[in-house]
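The values are calculated or read from the model by the stated rules, or taken from the named source; none is laboratory data. In this text, all values refer to a predicted model and were calculated from it rather than measured experimentally. With ideal geometry, Cβ positions are generated from the backbone for all residues, glycine too; neighbour counts draw on all protein chains shown. SASA here: full protein model, heavy atoms, side chains in, ligands and nucleic acids out. Shrake-Rupley method; radii C 1.70, N 1.55, O 1.52, S 1.80 Å.
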Amino acid sequence: MALRLILFLVLLLPLNALGQFTYELDQSIPVEVEGKILSMPWAGGLNAAQINSMDLNGDGKQDLVIFDRTANKVNTFLNQSNQYKYHPEFEILFPSEINKWMLLRDYDCDGRDDIFTASSNGIAVYRNTTLAGGNVSWEKLKFFAPPLACSPPGTKGLFTEILLTTTSESVVTCSDGSMVTYENKTNIFPGSNDIPTITDMDGDGDLDILHMRFVSPGTVQYQKNLSMERFGTCDSLTFQRISQRWGDWEECSCSKFAFGETCAASGGRTNHNVGKALLAMDVNGDGNKDILFAEEDCPFLYYLKNDGTTENADFNTAIPFPQAKPSFMPLFPVPFFEDVDFDGVPDLITSPAVFARTNLNNPFTNSVWMYKNSGTKEAPNFTFVQNNFLQDEMIEVGDYAYPAFVDYDGDGDDDLFIGNYGNAQFRGVIAHYENVGTPSLPSFKLVTDDFLSLSILGRYSMKPQFVDINSDGNLDLAFLLADPRTVNTELFYIAGTKPNAIRFDDLQVQLVDFGIDNTENILLADIDQDGIIDILLGKATGALEYWRNTGPAGSFNFKLQNNAFMGLGSSLTRTNLNTAIADLENDGRHDLIVGDQSGNITIYGDFRGTMNAPQPSTNILFDKFSETYTGKNLGARIKPVVVNLFNSDKPSIVVGTVGGGMLVLKNDGGKQLPFEPEITLYPNPVSNTQKLTVITDRNVLMQVFTLTGQKLTETIFIAGKQPFTLPIGGLAPGIYVARFTSNGNTYGRKFVIY
């Protein structure tokens, strides 16, 4: 018995320390661009910025909340001593359902901004339920649709999560002869890419809505809020459609308007297929609401002057605005009226409200235009200040930032290289940032925005990677580029001439015969560890394909081995895959990191060892409000790479964003986790005809033993917060011990089989 006990204790000696996939967003690394130290370089960039303000941290100051349409992501910036600083920790407090557009407006006059956003069939509203001293919180509202006229007594109406409006009233004679006045209600439904204006149009204190008609989108519908009229307060959202042609005007197409007549009468026709945006405000200080108007197919913002009143509007002219320097973008310059320079007076900010790059020459490096208001809210006077508001304080390469790290200058630390979709000349380039710091304290400085002058190739969608692609022992520069004439994407490389470093004695660009679609991504890596580089192909469909290079070394004979690698087949909820491979835990096992359209990072620990039973980890980022690790939307179509920036025993994950910027996920060593892991085994006791399920709060290694110390399984990797099922068929009834190892510490749990 003593010998058995000794054997069991020996078996419980720690295995290699298992770390945690636990990270925090880091903002500490300095970045210098043209002699300027950026104030928030790692904020992820901006493309299609919808500007809102609210107090995020309860300090009485208005902060910025920006919804980026291309990234489908909320970005939060705190006002700190009249300077904006990126604080991503607040982003997780906003509803994940925010989509297409977001306007923060205080509908119930409680001093707290509420959320209005797009829904599948209209407008959804989230009431701000934040308590004094508490964290930002929301409640999704439901709206009552009464039962049909003449319904039996006691019939209940329906509740909907989208705003309703009364279109008309009908007097209905019921079968019993009674007369019933019935309100015909329908949803308020802007066009699918439209942004309405939500403001107090009539000055009575409650919020009204103007939006372009969905069926005939050239005219404006006026939805009047009857909260004050019916209840004497502004805390309801009770709408009645007042007009389907407010102001008696119609937008026909870009720069073409019909005033007092239809588009057909004016010799044109309405463009039905593009998004439109409205901002109702008093532009000229006459006390009436005018309109700022933008259209998805049009580069200008237009000012429509109201020659009537707000209730009886009359429009006769439309001119580009502001007149001194009109807001001119390739497409859809949507206006926002918010104070962004801390003087208490709202300014004008415009940004394209596009889902993605819809024009070859759309330079997202300068896509947030700011006009300072030197007048008042009621009588504004706008002066152009800059076309890169906030963007000038970030790493900003336009869109689709595609990072790669390598010690280019051989000084012992990794330098940063970023590919992009296209510069102002619509040519994909690589920006080179030299690491002028140390291996422990990195600091980056922009050297060039056109590394190796690759813009001369005249292609777009640059996606670089440093890898020994030709198996000669030297690091090469491999990259994807798309041809603007054929839209085909091809794989190229420039051969390196120095082992374990980067040196190019010959800048000859060589083609690899492996064409893909521009929406797809590849990772060059030795998957089967035969010394030859293979390909992981991330499909737009959400599938991950493994293409094995059958060799010999130096050749490129790629054959499809698996069209659903790690079980990742086509999916409607997981698209546009982008991958990386690295040893994240310093345990000698390589992990697979996957980014996708949802903006979430998924990690498959020890992916080679768990290939037949994938164990995905998604709860990797620390949320200070819930004090747990959770998943987080980092922005659509993200590109993760792994690099040891802080000379740590565990590397960081750096993410390139569709916004053209960068995010740094620093491994925090699981410092926010309890010392001892939470481990649950169920059912326990368990029948030998069932399966035992194991769930832990962190990554662990597990082995199963008999009470006498006999090892029954090899080491099994179990991802944190992911249920793992262990078949136990064939084991005799009795008591067994599951041994778990985490961070060099070992923990035992008994389970009973009957």
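Counted as qualifying within segment 515-564 are the strands (runs of 3 or more DSSP E) with 3 or more residues that are modelled with pLDDT of 95 or more and surrounded by fewer than 20 Cβ atoms within 10 Å (Cβ to Cβ), namely 558-562. If Asn316 satisfies every condition in (1) open to solvent by 70 Å² or more (accessible area, probe 1.4 Å); (2) touching a residue at least 12 places away in the same chain (Cβ under 8 Å); (3) assigned to a loop (DSSP other than H, G, I, E, B) but one, which is the exception? All conditions are met except number (3). Remark: pairs (first residue in segment 545-561, closer than 16 Å to Asn521 by Cα; second residue open to solvent by 70 Å² or more (accessible area, probe 1.4 Å) and hydrophobic (A, V, I, L, M, F, W, C); Cβ separation under 6 Å; 6+ apart in sequence or on different chains) = Trp547/Leu560.
A quick yes/no check of all residues on (1) modelled with pLDDT of 95 or more; (2) out of contact with any Ser or Thr (no Cβ under 8 Å at 6 or more places or on another chain); (3) surrounded by 13 or more Cβ atoms within 10 Å (Cβ to Cβ); (4) more than 25 Å from Val125 (Cα to Cα):
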site: Cys174; (1), (2), (3), (4): no, yes, no, yes
site: Gly177; (1), (2), (3), (4): no, yes, no, yes
site: Ile195; (1), (2), (3), (4): yes, yes, yes, no
site: Leu226; (1), (2), (3), (4): yes, no, yes, no
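The residue that is nearest to Leu665 (Cα to Cα), among those in segment 86-138 that are out of contact with any helix residue (DSSP H, G or I) (no Cβ under 9 Å at 6 or more places or on another chain), open to solvent by 30 Å² or more (accessible area, probe 1.4 Å) and assigned to a strand (DSSP E or B), is Asn99.
Each residue in segment 641-672 was checked for being touching a residue at least 24 places away in the same chain (Cβ under 8 Å), polar (S, T, N, Q) and open to solvent by 30 Å² or more (accessible area, probe 1.4 Å), and 3 pass.
Among the residues examined, Ala277 qualifies as hydrophobic (A, V, I, L, M, F, W, C) and modelled with pLDDT of 95 or more.
So which of Leu731, Leu701 is more than 38 Å from the chain's Cα centre (by Cα), at negative phi, touching a residue at least 12 places away in the same chain (Cβ under 8 Å) and surrounded by 15 or more Cβ atoms within 10 Å (Cβ to Cβ)?
Working: Leu701 fails: more than 38 Å from the chain's Cα centre (by Cα).
Being more than 38 Å from the chain's Cα centre (by Cα), at negative phi, touching a residue at least 12 places away in the same chain (Cβ under 8 Å) and surrounded by 15 or more Cβ atoms within 10 Å (Cβ to Cβ) holds for just one of Leu731, Leu701, which is Leu731.
Residue by residue, here is whether (1) surrounded by 15 or more Cβ atoms within 10 Å (Cβ to Cβ); (2) under 18 Å from Lys666 (Cα atoms); (3) of a type in the set (D, E, K, R) holds:
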{"residue": "Asp596", "(1), (2), (3)": "yes, no, yes"}
{"residue": "Ile603", "(1), (2), (3)": "yes, yes, no"}
{"residue": "Tyr629", "(1), (2), (3)": "yes, yes, no"}
{"residue": "Lys632", "(1), (2), (3)": "yes, yes, yes"}
{"residue": "Ile638", "(1), (2), (3)": "yes, yes, no"}
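Restricting attention to segment 342-362, the residues that are part of a loop (DSSP other than H, G, I, E, B) and open to solvent by less than 40 Å² (accessible area, probe 1.4 Å) add up to 7. Somewhere in segment 631-640, is a residue within 24 Å of Tyr747 (Cα to Cα) and charged (D, E, K, R)? No: zero hits.
Output the residue which, of all residues in segment 674-694 that are in contact with a Gly (Cβ under 9 Å, 6 or more places away or on another chain) and open to solvent by 20 Å² or more (accessible area, probe 1.4 Å), is nearest to Tyr421 (Cα to Cα). My answer is Lys691. Screening segment 57-66 for residues that are farther than 13 Å from Phe342 by Cα and in contact with a Leu (Cβ under 9 Å, 6 or more places away or on another chain) and picking the one that is surrounded by the fewest Cβ atoms within 10 Å (Cβ to Cβ) gives Asp59. Restricting attention to segment 467-478, does a residue exist that is at pLDDT 95 or above, buried (at least 17 other Cβ atoms within 10 Å of the Cβ), in a loop (DSSP other than H, G, I, E, B) and touching a Leu at 6+ places or on another chain (Cβ under 9 Å)? There is at least one residue in segment 467-478 that is at pLDDT 95 or above, buried (at least 17 other Cβ atoms within 10 Å of the Cβ), in a loop (DSSP other than H, G, I, E, B) and touching a Leu at 6+ places or on another chain (Cβ under 9 Å). Among the candidates Gly437, Gly422, Gly410, the residue that is modelled with pLDDT of 95 or more and in a loop (DSSP other than H, G, I, E, B) is uniquely Gly437. Tallying residues that are farther than 16 Å from Gly659 by Cβ and not in a loop (DSSP other than H, G, I, E, B) within segment 363-390 yields 10.
The set of residues from segment 481-511 being touching a Ser or Thr at 6+ places or on another chain (Cβ under 8 Å) and under 15 Å from Asp534 (Cα atoms) is empty.
Restricting attention to segment 479-490, the residues that are surrounded by fewer than 20 Cβ atoms within 10 Å (Cβ to Cβ) and not in a loop (DSSP other than H, G, I, E, B) total 1. If the condition is being within 29 Å of the chain's Cα centre (by Cα) and on the phi > 0 side of the Ramachandran plot, then segment 528-550 contributes only Gly542.
Considering segment 14-32, the residues that are in contact with a Ser or Thr (Cβ under 8 Å, 6 or more places away or on another chain) and modelled with pLDDT of 95 or more include one that is nearest to Ser652 (Cα to Cα), namely Tyr23. When the residues of segment 228-246 are narrowed to those that are open to solvent by 20 Å² or more (accessible area, probe 1.4 Å) and part of a strand (DSSP E or B), which ends up farthest from Tyr107 (Cα to Cα)? Ranking the qualifying residues of segment 228-246, first place goes to Ser243.
Is it the case, given these coordinates, that Gly375 is more than 27 Å from the chain's Cα centre (by Cα) and without any contact (Cβ under 8 Å) to a residue 24 or more places away in the chain? So Gly375 fails the test.
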